[in-house]
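> Just passing along the structure, written as structure tokens.
The values are calculated or read from the model by the stated rules, or taken from the named source; none is laboratory data. Everything numeric in this text was worked out from a predicted model, so none of it was measured. Glycine gets a Cβ as well: all are built from the backbone with ideal geometry, and neighbour counts include every protein chain shown. In case anyone asks, the SASA skips ligands and DNA or RNA and just uses the protein heavy atoms, side chains included. Shrake-Rupley method; radii C 1.70, N 1.55, O 1.52, S 1.80 Å.
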Amino acid sequence: EQHLIQLTNATSIWKLTNVTAEAIRPGDGLYARGVDMPDGTIAADAVWVNIVNILTTIRGIAKDRLHLSQGDRAMTGFIHRDTTTASYLGSAQTYDLSRLKIGQSAQILGAWRPEDNNIDIARVDAGH
């Protein structure tokens, strides 16, 4: 299904972090919240670009990435030092990722990377 989304100077755009409309690329997936206008467009107050929220298993841990699986599908989740946070058993978000463990289930919120089908990680919820 397609919709025409109208951005304004008050529209917030998220693609792992807050960005401008120039960061949106052909092929990106958009989720928008706003008001239906009489002409059929959506006047957006917020747009999320390539947002994903998936349940995974941690298969490997490196300094700048997590190796993840979802069923038989393997993927890489890229860690961004000033952005990626973790929550352990529902605790407050922290930049400390040292408590993540291989084999642990993890809910990943992030931005899908269409160019390589991996994820830039915003948040890891571990041990739910």
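> Between beta-carbons, use under 11 Å as the cut-off and find the net charge around residue 112, counting Lys and Arg +1, Asp and Glu -1.
Values: positive: 15, 113; negative: 28, 115, 116, 120.
Around residue 112, the charge tally is -2.
> For every other residue with a beta carbon closer than 14 angstrom to the beta carbon of residue 46, add +1 if it is Lys or Arg and -1 if Asp or Glu, then tell me the sum.
Numbers: positive: 15, 33; negative: 45.
Computed value for this residue: +1.
> Roughly how many percent of the accessible protein surface of the chain is carbon and sulfur, given a 1.4 Å probe and a whole-percent answer?
Details: 4020 of 7830 Å².
Exposed carbon and sulfur together represent 51 percent of the surface.
> Build a GNM of the chain with springs between Cα atoms under 10 Å: which of 111, 32, 23 gets the top mean-square fluctuation?
Judging by the Gaussian network model, the answer is 23.
> Kindly report, to the nearest 10 Å², the accessible surface of residue 115 as traced by a 1.4 Å probe over protein heavy atoms only.
Counting only protein heavy atoms, residue 115 exposes about 140 Å² to solvent.
> List the relative contact order of the chain as a percent without decimals, with contacts defined as Cα pairs under 8 Å and 6+ residues apart.
Numbers: 278 pairs, mean separation 29.4, N = 128.
This gives 23 percent for the chain.
> Let me ask something else. With the Cα gyration tensor of the chain in hand, give its eigenvalues times 5 under a square root as the equivalent ellipsoid semi-axes, listed largest first in whole angstrom. Walk me through the numbers on the way to the answer.
Numbers: eigenvalues 189, 45, 33 Å².
Ellipsoid semi-axes (Å, largest first): 31, 15, 13.
> How far is the Cα center of segment 15-31 from the Cα center of segment 62-127, in Å?
Here the two parts' Cα centres lie 20 Å apart.
> Hey, another quick one. What does the accessible area of residue 119 come to, in Å² to the nearest 10, when a probe of 1.4 Å is used?
10 Å²
> For segment 51-110, what is the relative contact order in percent, using Cα pairs closer than 8 Å and at least 6 residues apart in sequence? Mind dumping the intermediate values first?
Numbers: 94 pairs, mean separation 25.5, N = 60.
Relative contact order here is 43 percent.
> Write down the accessible area per residue of the chain in Å², having rolled a 1.4 Å probe over the full set of protein chains. Each step should come with its number before you reach the end.
Details: 7830 Å² over 128 residues.
Counting only protein heavy atoms, the per-residue value for the chain is 61 Å².
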